[in-house]
Amino acid sequence: MDIVIGIDPGATSGWAGVTVSHNPGLVLTNHLEMPKPGTKKDLPSNTPSAIAEELLCGLRQMGHNVVAVAIEDQYLSKNPDSMKKLSRNSGRWEEAWRRLGYPVEWVNTQTWQSAELGTHRIDSAEVKRRCAMKVLGMWRTKVVSHESDAALIARYVAIRIAYRRMRSDP
């Protein structure tokens with residue numbers, strides 16, 4: 001089954017896999033507090049590259065085929081330090097998947113939130129609440145906020161891929 005991996009690349013990064021369909025199913029979710037480079041927790045097994053390889057191996061064993069990786073695009077923050085960290089983590093995730101040969105699609109925060117939540121002009125606490133409620137309502141799965149963001153980012157791209165395929169079929 002074809003799936004899309006969604007990634008919320010924050011200081012705590014979340015990822016999720018959903019099936020490519022007009023009504024995508026949730027395959028997996030997980031998250032990791034990204035270690036600061038050069039610290040004790042900065043182990044080879046905690047890098048986006050290692051996580052991507054392990055994830056890909058597990059998905060293949062389950063009979064899944066990754067067709068795209070969707071990463072939440074950088075957004076402007078009032079805190080320059082947060083923006084630097086987010087940009088760095090985003091790049092690490094992109095490099096990990098491109099190195100494995102997978103297409104990466106950057107998804108604008110306002111775009112996926114508008115499509116999935118019906119609005120983008122709400123505060124971050126309300127976004128987290130609505131994302132968690134939508135994932136719980138659709139897939140009967142309780143996840144942390146980074147995982148719910150990743151799941152909805154993946155869902156947004158999976159539905160777009162399904163509609164593109166439908167239009168291109170003879």
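The values are calculated or read from the model by the stated rules, or taken from the named source; none is laboratory data. Keep in mind the model is a prediction, meaning the values are calculated, not measured. For neighbour counting, all protein chains shown are included, and Cβ atoms are generated from backbone atoms with ideal geometry for every residue, glycine included. Surface accessibility is based on the protein's heavy atoms, side chains included, excluding ligands, DNA and RNA. Shrake-Rupley method; radii C 1.70, N 1.55, O 1.52, S 1.80 Å.
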Identified option (computed semi-axes √(5λ) of the Cα gyration tensor in Å; candidates [x] 21, 20, 16; [y] 68, 27, 18; [z] 24, 21, 15): [z]
For the chain, whose charge dipole is built from +1 on Lys and Arg Cβ atoms and -1 on Asp and Glu Cβ atoms, the candidate among Ser77, Gly63, Gly6 with its Cα farthest towards the positive end is Ser77
Pairwise centroid distance, computed over Cα atoms, of the stretch 127-144 with the stretch 1-40, Å: 15
Where Lys and Arg each count +1 and Asp and Glu each count -1, what net charge lies around Ala162 among other residues with Cβ under 13 Å from its Cβ? +3
Share of the chain's accessible area from carbon and sulfur, percent, 1.4 Å? 52
Tell me the trypsin sites (Lys or Arg not before Pro) within the stretch 59-116 that lie in a loop according to DSSP and have at most 13 other beta-carbon atoms within 10 Å. Lys78
Solvent-accessible surface (1.4 angstrom probe) belonging to Val135, in square angstrom, nearest 10: 0
Just the number please: accessible area per residue for the chain, 1.4 Å probe, all protein chains included, in Å². 54
Can you give the translational diffusion coefficient of the stretch 1-68 in µm²/s, computed by Stokes-Einstein from the Kirkwood radius over Cα pairs at 4 °C and 1.567 mPa s? 101
Can you give the net charge of the other residues whose Cβ lies under 14 Å from the Cβ of Lys134, counting K and R as +1 and D and E as -1? +2
Using Cα springs under 10 Å in a Gaussian network model of the chain, which residue among Asp81, Asp73, Asp149 shows the largest mean-square fluctuation? Asp81
Over the chain, what is the relative contact order in whole percent, taking alpha-carbon pairs under 8 Å and six or more residues apart? 34
Can you give the charge dipole size of the stretch 39-170 about its Cα centre, rounded to the nearest 20 debye, using +1 on the beta carbon of Lys and Arg and -1 on the beta carbon of Asp and Glu? 200
Which entries of Lys41/Lys85; Lys41/Lys84; Lys40/Lys84; Lys41/Lys78; Lys78/Lys142 have Cα-Cα distances beyond 23 Å here? Lys41/Lys78; Lys78/Lys142
Choose one answer from Ala68, Ala158, Ala150: the residue with the largest mean-square fluctuation in a GNM of the chain with alpha-carbon springs under 10 Å. Ala68
Sites Thr111 and Glu33, calculated FRET efficiency, Cβ-Cβ separation with R0 41 Å, nearest 0.05: 0.95
Want the number for Thr119 to His22: 0.36 nm per residue separation, take away the alpha-carbon distance, what's left? 32.9 nm
Computed E for Arg165/Tyr102 - FRET, C-beta separation, R0 25 angstrom, nearest 0.05: 0.90
